[in-house]
1. Looking at (1) among the aliphatic types (A, V, I, L, M); (2) farther than 17 Å from PRO3 by Cβ; (3) surrounded by fewer than 16 Cβ atoms within 10 Å (Cβ to Cβ), which is the only condition VAL66 fails?
2. For ASN179, all conditions in the list (1) in contact with a strand residue (DSSP E or B) (Cβ under 9 Å, 6 or more places away or on another chain); (2) of a type in the set (S, T, N, Q); (3) over 14 Å from ALA112 (Cβ atoms); (4) without any contact (Cβ under 8 Å) to a residue 40 or more places away in the chain hold save one; what is the number of the exception?
3. Take the conditions within 25 Å of PRO123 (Cβ to Cβ) and among the charged types (D, E, K, R) and apply them to ARG239. Does it pass?
4. Go through (1) crowded, with 19+ Cβ neighbours inside 10 Å; (2) closer than 30 Å to GLY234 by Cα and name the single condition TYR74 misses.
5. State whether one or more residues within region 201-213 are part of a loop (DSSP other than H, G, I, E, B) and either of a type in the set (Lys, Arg) or crowded, with 16+ Cβ neighbours inside 10 Å (or both).
6. THR221: assigned to a strand (DSSP E or B) and buried (at least 20 other Cβ atoms within 10 Å of the Cβ), yes or no?
7. Take region 12-42 and flag every residue that is more than 27 Å from LEU95 (Cβ to Cβ) and at pLDDT 95 or above.
8. Tell me, which helices (runs of 4 or more DSSP H) lie completely within region 120-198 with 1 or more residues that are over 30 Å from ALA48 (Cβ atoms) and of a type in the set (Phe, Trp, Tyr)?
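The values are calculated or read from the model by the stated rules, or taken from the named source; none is laboratory data. Please read these numbers as outputs of a predicted model, since none were measured by experiment. Don't worry about glycine lacking a Cβ; one is built from the backbone with ideal geometry, like all the others, and counts go over all protein chains shown.
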Amino acid sequence: MGPTKTYGLTTPTQRGDGVADLQRALATNPFAVFYAGDVDGEFGPLTAAACKRAKWLLGYPQGDVVQTGGKVLYGYLRESTPLPATYQAKRRYRLWKERNQGAIRTRALAEAARHIGVKEAPPGSNHVRFAEWYGLDRQPWCAMFVTWCYVVAGSKGFKRGALWAYCPYLLAAAIAGENGASVTRDPEPGDVVLYLDRDGVAFHVGLFERWTNRAGGEFATIEGNTSSSSDADGGAVERRARSTRSMRCVFVRMAL
């Protein structure tokens, strides 16, 4: 049936079958996978961010790309309402832009691979070129390593000394759809992968390299400040084998 009204982030949280129908449409439609969460009928931050991402990629005017969703968006996703011609033109441009951004992700991943084997000196000090470059030397540096790789690759969405040095901030931005970041269920090489603890707090980050066993949730990454003995404070740049079954992961696509 679909939603009969427009939903947004409210207190208390809006719930119902209409939200569940919208979540299904955001997850499965001809355009892209916008929603990767549970179909729980609750209009929370993940659903709101998915609506914003969908509106951007469907070609909504910039001022209408907001964290709400309802009957109109549902109609576009289900193709019961054709996209206006102006939306289609914006959609083509934004798809082209994203393809170009894919080249930056590829370069960021190549830059990460170039530093495999680099270690802190002395061990356990967090003293490493990436943190020193960022301006926070001797601090946990996994996110600063990711920032280094993207800045070298030509990204404008990452900034030396400003974005991003703290994993929880990066996760919050992705969930909220800020700065063009979005959560994705289909990571591409060079996308960001965040690891969450039991409380849902992001504690480590790396770059997705490839699926090694998609059905089993197994993938390869390149990460900074890691090692086989310490996932999130290992002091080295290494290629890691990860699994969504053993670690809670969130894949993030950044605006570049």
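1. VAL66 satisfies all of (1) among the aliphatic types (A, V, I, L, M); (2) farther than 17 Å from PRO3 by Cβ; (3) surrounded by fewer than 16 Cβ atoms within 10 Å (Cβ to Cβ) except (2).
2. Going through the list (1) in contact with a strand residue (DSSP E or B) (Cβ under 9 Å, 6 or more places away or on another chain); (2) of a type in the set (S, T, N, Q); (3) over 14 Å from ALA112 (Cβ atoms); (4) without any contact (Cβ under 8 Å) to a residue 40 or more places away in the chain, ASN179 breaks only (4).
3. Working: within 25 Å of PRO123 (Cβ to Cβ): yes; among the charged types (D, E, K, R): yes.
Spelling it out, ARG239 is indeed within 25 Å of PRO123 (Cβ to Cβ) and among the charged types (D, E, K, R).
4. Unmet condition: (2).
5. First, pick out the residues of region 201-213 that are part of a loop (DSSP other than H, G, I, E, B): 201.
Narrowing further to those that are either of a type in the set (Lys, Arg) or crowded, with 16+ Cβ neighbours inside 10 Å (or both): none.
No, there is no match, as no residue in region 201-213 is part of a loop (DSSP other than H, G, I, E, B) and either of a type in the set (Lys, Arg) or crowded, with 16+ Cβ neighbours inside 10 Å (or both).
6. Working: assigned to a strand (DSSP E or B): yes; buried (at least 20 other Cβ atoms within 10 Å of the Cβ): yes.
The answer is yes for THR221.
7. Just the residues of region 12-42 that are more than 27 Å from LEU95 (Cβ to Cβ), to begin with: 12-20, 38, 40-42.
Residues satisfying the conditions are PRO12, THR13, GLN14, ARG15, GLY16, ASP17, GLY18, VAL19, ALA20, ASP40, GLY41, GLU42.
8. On the way: elements: 129-134, 142-153, 167-176.
Output list reads 129-134, 142-153.
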